[in-house]
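All remarks here apply to the structure that follows.
The values are calculated or read from the model by the stated rules, or taken from the named source; none is laboratory data. Being a predicted model, the structure only gives us computed values, none of them experimental. When we count neighbours, we look across all protein chains shown, and the Cβ atoms used for this are built from the backbone with ideal geometry, even at glycine.
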Amino acid sequence: MRHCQAFSFAVLAALTAALGSGCGDSTASGTVSGEVLYAGAPVEHATIQFTPKDGKGVAAGGKVVAGKYSVPNVPLGTVTVSVTPTAEAMAGPMSSEDSAREAAERAASKKKFTPKPPSFPVDAGGNKVTFEVKAGQNTFKIELTTPRPR
């Protein structure tokens, strides 16, 4: 009876070790950080996504704030990088009432007006590029440009 239990325990331990190690390194990933520019200026608000080019594996993504991003757990290998404006970036022009109120608030507080970095069109040039992710830390700068006329 003890021999049977010991054998069962040994088989269970071997299976657990085999399953724990997996059949390859499918969970290998890297961290990608960097900056996103549009027409030379930092993109204020956007999302960034890294999708395996071969369609295998899981995409990873995060936020771009003030032109900077850092995304952990990006799958290794060639990925397609997509940058998409968020609702803040796609906000249209301010109404004249809001603009006047904001100007009055700036004048009252004597703050200098600093224009926000431009939003960018979804079809900006330089979007949907590929990048090779390696284990560990990776840096990737994305320079978006105005779309080409069609």
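Here are the numbers:
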{"item": "Criterion (under 17 Å from the mean Cα position of the chain (by Cα), at pLDDT 90 or above, loosely packed, with under 12 Cβ neighbours inside 10 Å and under 27 Å from GLN49 (Cα atoms)) met by exactly one of GLY77, GLY126, GLY136", "result": "GLY136"}
{"item": "Some residue of segment 99-109 being at pLDDT 85 or above and surrounded by 10 or more Cβ atoms within 10 Å (Cβ to Cβ)", "result": "no"}
{"item": "Flag if VAL11 is at pLDDT below 95 and assigned to a helix (DSSP H, G or I)", "result": "yes"}
{"item": "Complete set of residues in segment 119-150 that are within 17 Å of SER29 (Cβ to Cβ) and part of a loop (DSSP other than H, G, I, E, B)", "result": "LYS134, ALA135, PHE140"}
{"item": "Enumeration of residues in segment 56-86 that are closer than 16 Å to HIS45 by Cβ, among the hydrophobic types (A, V, I, L, M, F, W, C) and part of a strand (DSSP E or B)", "result": "VAL64, VAL65, VAL71, VAL83"}
{"item": "Matching residues, segment 35-55, being out of contact with any Lys or Arg (no Cβ under 9 Å at 6 or more places or on another chain) and outside any strand (DSSP E or B)", "result": "ALA39, GLY40, VAL43, LYS53, ASP54, GLY55"}
